[in-house]
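The values are calculated or read from the model by the stated rules, or taken from the named source; none is laboratory data. All of these numbers come straight from a predicted model, not from anything done at the bench. So basically every Cβ, Gly included, is an ideal-geometry build from the backbone, and we count neighbours across all protein chains shown. Only protein heavy atoms, including side chains, enter the accessible area calculation; ligands, DNA and RNA are left aside. Shrake-Rupley method; radii C 1.70, N 1.55, O 1.52, S 1.80 Å.
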Amino acid sequence: QVQLVESGGGLVQPGGSLRLSCAASGSIFRINTMGWYRQAPGKQRELVATITTGDRTNYADSAKGRFTISRDNAKNTVYLQMNTLKPEDTAVYYCNAVLKIYGGNWYNAYWGQGTQVTVSS
């Protein structure tokens, strides 16, 4: 019914940049908050950044000043611009959207399949 498809991951050198995209599609009535999370090997999934429909943003301390989250409501798409990347940013990055489907009564959280980001020289 709902798909979140991420793109833009890859291998980048320390200090480099990447831009992740995530497009939501399907029987979507309304999207509330969208966000990015990441999971490094052997670690729990953690918040990177979120953005509301009113463009209110929230960042993990590790992302502040380096990452920028944005969204295009007309395209049901959320972006994550990542600058000054560090090896410790290496992880699988997951897109998240809290949304209501047509005919649904509640907002539920949906996840993308994840995209690998590797920061290494």
- [ ] Write down the accessible area per residue of the chain in Å², having rolled a 1.4 Å probe over the full set of protein chains.
- [x] 54
- [ ] Check each of the trypsin sites (Lys or Arg not before Pro) in the stretch 1-100 and keep only those in coil by DSSP with at most 11 other C-beta atoms within 10 angstrom; list them in order.
- [x] Lys43, Arg56, Lys64
Task: About the Cα centre, charge dipole magnitude for the stretch 44-121 (Lys/Arg +1, Asp/Glu -1 at Cβ), debye - done: 160
TODO: Could you go through the stretch 51-68 in sequence order and give the Karplus-derived ³J(HN,Hα) for each residue, using 6.51 cos²θ - 1.76 cosθ + 1.60 with θ = phi - 60°, rounded to whole Hz, and x for Gly and Pro?
DONE: 8, 8, 5, x, 6, 7, 10, 9, 10, 5, 4, 5, 9, 4, x, 10, 10, 10
Open item on the list: Taking 4 °C and 1.567 mPa s as the conditions, I'd like the Stokes-Einstein D for the chain in µm²/s, using the Kirkwood hydrodynamic radius from alpha carbon pairs.
Closed with: 90
TODO: Please tell me which of these pairs span more than 26 angstrom C-alpha to C-alpha: Lys43/Lys86; Lys64/Lys100; Lys75/Lys100?
DONE: Lys64/Lys100
Task: Cα-projected label distance for Tyr102 with Arg66, points at 7 Å along beta-carbon direction, nm - done: 4.2
Open item on the list: For a Förster distance of 25 Å, can you work out the FRET efficiency between the beta-carbons of Gln81 and Gln44, rounded to the nearest 0.05?
Closed with: 0.55
Task: Loop-resident sites, the stretch 77-121, for chymotrypsin sites (Phe, Trp or Tyr not before Pro), counting at most 12 other Cβ within 10 Å (DSSP) - done: Tyr102, Trp106
Task: Heavy-atom accessible surface of the chain: percent carbon and sulfur, 1.4 Å - done: 46
TODO: Take the alpha carbon gyration tensor of the stretch 59-105, find the square roots of its eigenvalues, order them as a ≥ b ≥ c, and report rounded if a/c is under 1.5; if not, report prolate when a/b exceeds b/c, else oblate.
DONE: prolate
